[in-house]
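First the structure, in the form of structure tokens, and then the observations on it.
The values are calculated or read from the model by the stated rules, or taken from the named source; none is laboratory data. What you see is a predicted model, and the numbers here were worked out from it, not measured in a lab. No Cβ is skipped: glycine too gets one built from the backbone with ideal geometry, and neighbour counts run over all protein chains shown. The area values use the complete protein model at the heavy-atom level, side chains included, leaving out ligands, DNA and RNA. Shrake-Rupley method; radii C 1.70, N 1.55, O 1.52, S 1.80 Å.
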Amino acid sequence: MQFSFQQGGWGASLADKLVRKCDVLNRGFSGYNTRWAKIILPRLIRKGNSLDTPVAVTIFFGANDSALKDENPKQHIALDEYAANLKSMVQYLKSVDIPENRVILITPTPLCETAWEKQCIMQGCKLNRLNSVVGEYANACLQVAQDCGTDILDLWTLMQ
């Protein structure tokens, strides 16, 4: 998300498609997990006047949360806490007058383990994520969307 507005990024393309219709704002934080995002969300989106009310808010987490605990304890978030954090973010948005029908949860994408392992080795560490584990987080995200009544973009399934 953080880099989506770089040259050729999907955020920049989306903003271009929606020019004069709405502003596309990116509040992505590379490396963050749901625990950290839950803390900073109130600083990013507050109750305001109608001009500040978003048309939609996307919540896209799970790749960092699903890091293997033993290999990447800094980013790892247990599956049940991940789901609770997503629910907490949706509830916070409702509390600042953004209804669940304006919230879109996005599942984490599948992981290409061979490519990720090469990156890990280049950084001097072992493989710290597994595609099967990311899938568990994607399923938890789907369940949270169902429980909270939000829309869902299931990138996990779309990109398999």
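If the cut-off is a Cα-Cα distance under 19 Å, which lysines reach K94, setting aside same-chain residues fewer than 8 apart in sequence?
Filter leaves K38, K47.
With labels modelled as points extended 7 Å from the Cα through the Cβ direction, what inter-label distance (nm, one decimal) is found for D80 paired with S13?
Going from the D80 label point to the S13 one covers 4.0 nm.
On the Cα set of region 119-160, report Rg and Dmax in Å, please.
14.0, 42
By per-residue mean of other Cβ atoms within 10 Å, what is the highest-first order of 100-107, 9-16?
For the peptides 100-107, 9-16, the packing ranking is 100-107, 9-16.
At a Cα cut-off below 21 Å, give the lysines reachable from K118, other chains included and same-chain residues fewer than 8 away excluded.
K69, K74, K126
Quick one: Karplus J couplings for region 9-25, per residue in order, coefficients 6.51, -1.76, 1.60, θ = phi - 60°, nearest Hz, x for Gly and Pro?
In residue order, the calculated couplings are x, 5, x, 5, 5, 5, 4, 5, 5, 9, 4, 6, 9, 6, 8, 9, 10 Hz.
Straight-line reach only, C-alpha to C-alpha below 16 angstrom: list the aspartates and glutamates that K87 could link to, leaving out same-chain residues fewer than 8 apart.
Reachable aspartates and glutamates: D65, D97, E100, D147, D151.
Which percent of the accessible heavy-atom area of the chain goes to carbon and sulfur, probe 1.4 angstrom?
Carbon with sulfur: 53 percent of the solvent-accessible area.
Given contacts defined as C-alpha pairs under 8 Å and at least six residues apart, what's the relative contact order of the chain, whole-number percent? List each step's numbers first, then the result.
Working: 225 pairs, mean separation 35.0, N = 160.
Once divided by the residue count of the chain, the mean separation gives 22 percent.
If I model the chain as equal point scatterers sitting on the Cα atoms and use the Debye formula, what is log10 I(q)/I(0) at q = 0.17, 0.20 Å⁻¹?
-1.08, -1.41
Kindly report the accessible area of the chain per residue (heavy atoms of protein chains, probe 1.4 Å, no ligands, DNA or RNA), in Å². Write out the running numbers ahead of the final one.
Working: 9880 Å² over 160 residues.
Each residue of the chain exposes 62 Å² on average to a 1.4 Å probe.
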